Amino acid sequence: FDLRDRHDAYLDYWTNAKTAILANIQFCRDHAQQFRTYQSGLWGLSAALGPDGYKAYGATPGVVTHDGTVAPYVVAAAIPWIPDVALGTLRRMEQQAPTLWTRYGLGDGLNLDRRFISPHTIALDQGLVLLMIENHRTGLVWDLFMRHPIAQRALERAGFASGSLAQPRR
């Protein structure tokens, strides 16, 4: 769903997603002295294949699990919200870990502290990357999906309205 300039009675989900992305970046900055990966300006906490297997890496206020592993697909998926920051981070990832780019896309995890670059890709994560890059470039996927009557009906039944919650309500 393209939830730009839409909200329900509870939340502006587009703004909330951007806030979560910025919190992810800030958490990694706040812990940069602990991990070389974060010192390099890298971020992207989420479920990923790290040096000790697949884990759900996260930050406060949720469960805090982090060891310097970042999920590159999270950075790529953030492009519609913060394109310059996300693209800059992906460039730094490529400089720090040239083998991160596999035959099938981004490796699932990166940890500079442990010299770990996942040689594996996860199709679900790669799909998210492709969709979000195309949505940033042209909006095609969102446009096609949002025009479908079922998507329109779902938004209506869920109580979504136009505008941001930051805008004055009538």
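All but one of (1) in contact with a Ser or Thr (Cβ under 8 Å, 6 or more places away or on another chain); (2) open to solvent by less than 20 Å² (accessible area, probe 1.4 Å); (3) at pLDDT below 95 hold for Asp8; which doesn't? The one condition Asp8 does not meet is (1).
Per this entry, Gly68 is counted among residues that are part of a loop (DSSP other than H, G, I, E, B) and either of a type in the set (Asp, Glu) or open to solvent by less than 30 Å² (accessible area, probe 1.4 Å) (or both). If you check Thr19, Thr15, Thr65, Thr69 for being of a type in the set (S, T, N, Q) and within 18 Å of Pro119 (Cα to Cα), only one passes: Thr69. In summary, Arg114 fulfils each of the numbered conditions (1) in a loop (DSSP other than H, G, I, E, B); (2) more than 20 Å from Asp30 (Cα to Cα); (3) among the basic types (Lys, Arg) with the single exception of condition (2). Of all residues in the stretch 1-27, those that are under 18 Å from Trp43 (Cβ atoms) have Cβ atoms under 8 Å from Cβ atoms of residues that are surrounded by fewer than 16 Cβ atoms within 10 Å (Cβ to Cβ), 6 or more apart or on another chain, in Phe27/Thr60.
With respect to the conditions (1) over 30 Å from Ala154 (Cα atoms); (2) in contact (Cβ under 8 Å) with a residue 60 or more places away in the chain; (3) of a type in the set (Phe, Trp, Tyr); (4) touching a helix residue (DSSP H, G or I) at 6+ places or on another chain (Cβ under 9 Å), Phe116 falls short on a single one, namely (4). The single condition from (1) assigned to a helix (DSSP H, G or I); (2) surrounded by fewer than 16 Cβ atoms within 10 Å (Cβ to Cβ) that Asp125 fails is (2).
Residues in the stretch 161-170 that are surrounded by 12 or more Cβ atoms within 10 Å (Cβ to Cβ) and either at pLDDT 85 or above or among the aromatic types (Phe, Trp, Tyr) (or both): Ala161 only.
Okay, residues lined up against (1) at pLDDT below 95; (2) aliphatic (A, V, I, L, M):
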site: Ala59; (1), (2): yes, yes
site: Val63; (1), (2): yes, yes
site: Ala77; (1), (2): no, yes
site: Ile82; (1), (2): no, yes
site: Leu87; (1), (2): no, yes
site: Trp101; (1), (2): yes, no
site: Gly159; (1), (2): yes, no
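When restricted to residues that are over 15 Å from Ile21 (Cα atoms), not in a helix (DSSP H, G or I) and not acidic (Asp, Glu), the stretch 71-109 contains 9.
The values are calculated or read from the model by the stated rules, or taken from the named source; none is laboratory data. Just so you know, these numbers come straight off a predicted model, no measurement behind them. FYI the Cβ positions are ideal-geometry reconstructions off the backbone, even for glycines, and counts take in every protein chain you see. Only protein heavy atoms, including side chains, enter the accessible area calculation; ligands, DNA and RNA are left aside. Shrake-Rupley method; radii C 1.70, N 1.55, O 1.52, S 1.80 Å.
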